[in-house]
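Presented below is the structure to which this report refers.
The values are calculated or read from the model by the stated rules, or taken from the named source; none is laboratory data. Quick caveat, the model's predicted, so the values are computed rather than measured. We place every Cβ from the backbone using ideal geometry, glycine too, and count neighbours over all the protein chains shown. Just the protein is used for accessible areas: all its heavy atoms, side chains included, with ligands, DNA and RNA removed. Shrake-Rupley method; radii C 1.70, N 1.55, O 1.52, S 1.80 Å.
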There are 2 protein chains.
Amino acid sequence: MAAPPDPARRSARARRSILDATTALTAEVGYAAVTVEAIAARAGVGKQTIYRWWPSKGAVLFDAILDRGSDAERGTALPDTGDLRADLQAVLRAVVAELADPATDRTNRAVTAEIQADESLAGELVTRLLRPQMEATADRLDRARQVGQLAPDADVEVAVELLFGPPFHRWLLRTGPLEDEYADRLVAGVLSGLAPRAP
Amino acid sequence: MAAPPDPARRSARARRSILDATTALTAEVGYAAVTVEAIAARAGVGKQTIYRWWPSKGAVLFDAILDRGSDAERGTALPDTGDLRADLQAVLRAVVAELADPATDRTNRAVTAEIQADESLAGELVTRLLRPQMEATADRLDRARQVGQLAPDADVEVAVELLFGPPFHRWLLRTGPLEDEYADRLVAGVLSGLAPRAP
């Protein structure tokens, strides 16, 4: 017996198709060549369906990226096993692996290019993806500082940028490989600057 | 008495006009809207003069950026006063000030966007601008390590990325102000991780 039609489920399916089509097209032809028409055709929906939900192709692409992984994969949920080094290594290895992934490289570069000209898209990226990740990391470092695992005057805000800035810089400018070993070296470099000093 | 015509000087003048026109147009209308025709018109040269010297508008823009400052301003000549902290602060303050400068922001963002799609332009940026700056900083840190100002096992390669990655990340994603105080905090955070440990 066929299920009765369910508009919410149909909407969810259309949304999923649109996001998948956007990711696939961006990887295939590059962001500049993607059009809302092409996304609609690939997703099997009307152009007006896309414009009902998103103001621009940049906004669709951005949702496609946000939609991609779980909180853990995106680093917004930070592990807290009590072993700070291991937890930070897990986060940085995930960040580095995501940047190194050829399947998402083109999409990530398209967004990076897009936000240079589009400040509101940049703001959305920061608010929805970057800030949560950076704040979760700052909270984790702050708890470690409170229990004496880090120096009392450790600069947690700067430490977060020391962790996330370099892999992004390396990826963006293609200056070196993005591997676990690199993630671990970054964590080691940052943690040694935060360590409690001998009395 | 008029000076005799000097082709080398005329070429240099034309080159200068083209680079200035490129910077000005990019700031005015954004990189995407700049055309080689518009650069030629603004510079008062023929389009073919531009194509004789550069393969693309991206290449012209890039030379305009490289041409902008002295070695010291670009950070490729690192001060060596013997005071490592002061020298690194000087470099990082210059980097941060350059990124924060509204006069060059649009050009820098245009190049950053452009190199996401154009790998050969990215390679040129890294080879001509970024590598020299990073290597000069690595050399300075290495000398400090050799004379015992840093720990014998200090990870100099990672330290360079810890210095340059965060300001670029902050600028690119517009996550915070770019001021002297920030540069100094970065230097402090990185140096404390490199310090020789008490025996």
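Just one of the listed residues (A:VAL91, A:VAL158) is at pLDDT 85 or above, within 14 Å of another protein chain (Cβ to nearest Cβ) and open to solvent by less than 40 Å² (accessible area, probe 1.4 Å), and it is A:VAL158. Is it the case that B:THR127 is at pLDDT below 90, within 21 Å of A:GLY165 (Cβ to Cβ) and either crowded, with 21+ Cβ neighbours inside 10 Å or not acidic (Asp, Glu) (or both)? In short, no.
The numbered conditions (1) of a type outside the set (Gly, Ala, Ser); (2) more than 7 Å from every other protein chain (Cβ to nearest Cβ); (3) open to solvent by 10 Å² or more (accessible area, probe 1.4 Å); (4) farther than 15 Å from A:GLN89 by Cβ are all true for A:LEU178 except (4). A single member of B:ALA151, B:ALA122, B:ALA144, B:ALA188 is within 9 Å of another protein chain (Cβ to nearest Cβ) and surrounded by 18 or more Cβ atoms within 10 Å (Cβ to Cβ), and it is B:ALA122. Right, B:VAL29: open to solvent by less than 20 Å² (accessible area, probe 1.4 Å) and of a type outside the set (Asp, Glu) or not? For B:VAL29, the condition - open to solvent by less than 20 Å² (accessible area, probe 1.4 Å) and of a type outside the set (Asp, Glu) - is not met.
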